[in-house]
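A.B. asks: After the structure tokens below, expect a handful of questions from me.
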Amino acid sequence: MDTLAWAAAAAGVSTIVIGRWPADAFTLDIVETAFHGELAKGAAPAAAWRTAVKAAREKSPAPAGWAGLRFIGAS
């Protein structure tokens, strides 16, 4: 993940969300939907991420429901 973060930063990408492995061990829909919903409302990426993870943890307390993605970027 660090290599991808470095490459994104070198390309001028301020924020990236990367899936963890093994991909089939996680359910990403709740976090992704909430994250993109918050971005669509105009939230900053870091704030959108925090809100999305909080919403996912409320719906699915097990880590498989909210820990499958890693947010790398400005906080």
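A.B. asks: Using only the Cα atoms of the chain, each taken as one equal point scatterer with no solvent, compute I(q) by the Debye sum, divide by I(0), and report log10 of the ratio at q = 0.13, 0.16, 0.19 Å⁻¹.
C.D. replies: Log10 I(q)/I(0), no solvent term: -0.38, -0.57, -0.78.
A.B. asks: Roughly what would the spin-label model give for residue 5 and residue 62, points 7 Å off Cα along C-beta, in nm?
C.D. replies: It is 2.8 nm.
A.B. asks: Hey, what's the chain come to in accessible area per residue, 1.4 Å probe, Å²?
C.D. replies: On the way: 4820 Å² over 75 residues.
Dividing the accessible area of the chain by its residue count gives 64 Å².
A.B. asks: Now for a different question. Counting helices only, and only those DSSP H runs with n ≥ 4, report the 222 nm mean residue ellipticity of the chain as the sum of -39,500 (n - 2.57) divided by its residues, in deg cm²/dmol to the nearest 500.
C.D. replies: -15000 deg cm²/dmol
A.B. asks: Mind ordering 12-19, 54-61 by average Cβ neighbours within 10 Å, highest first?
C.D. replies: Packing proxy ranking, top to bottom: 54-61, 12-19.
A.B. asks: A further question follows. Rounded to the nearest 20 Debye, what is the dipole magnitude of the range 17-75 about its Cα centre when Lys and Arg each give +1 and Asp and Glu each give -1 at the C-beta? Working shown, then result.
C.D. replies: Values: 7 positive and 5 negative charges, 41 e Å.
In debye, rounded to 20, the range 17-75 gives about 200.
A.B. asks: Mind giving me the FRET efficiency for residue 21 and residue 44? R0 is 35 Å, r the Cβ-Cβ distance, nearest 0.05 is fine.
C.D. replies: 0.80
A.B. asks: List every residue whose amide H lies under 5 Å from the amide H of residue 44, counting only residues 5 or more places away in sequence or on a different chain, with H placed 1.01 Å from N in the peptide plane.
C.D. replies: none
A.B. asks: Please report the carbon-and-sulfur percent of the accessible area for the range 27-70; probe 1.4 Å, protein heavy atoms only, DNA, RNA and ligands left out.
C.D. replies: Looking at the range 27-70 in its full context, I get 58 percent from C and S.
A.B. asks: Moving on. Could you list which residues have their amide H under 5 Å from that of residue 69, counting only those 5 or more apart in sequence or on another chain, with H placed in the peptide plane?
C.D. replies: Amide H to amide H, under 5 Å and 5 or more residues apart or across chains, residue 69 pairs with 20.
The values are calculated or read from the model by the stated rules, or taken from the named source; none is laboratory data. Being a predicted model, the structure only gives us computed values, none of them experimental. Every residue, glycine as well, gets a Cβ built from its backbone with ideal geometry; the counts of neighbours run over all protein chains shown. Note: areas computed on protein heavy atoms with side chains; ligands, DNA, RNA excluded. Shrake-Rupley method; radii C 1.70, N 1.55, O 1.52, S 1.80 Å.
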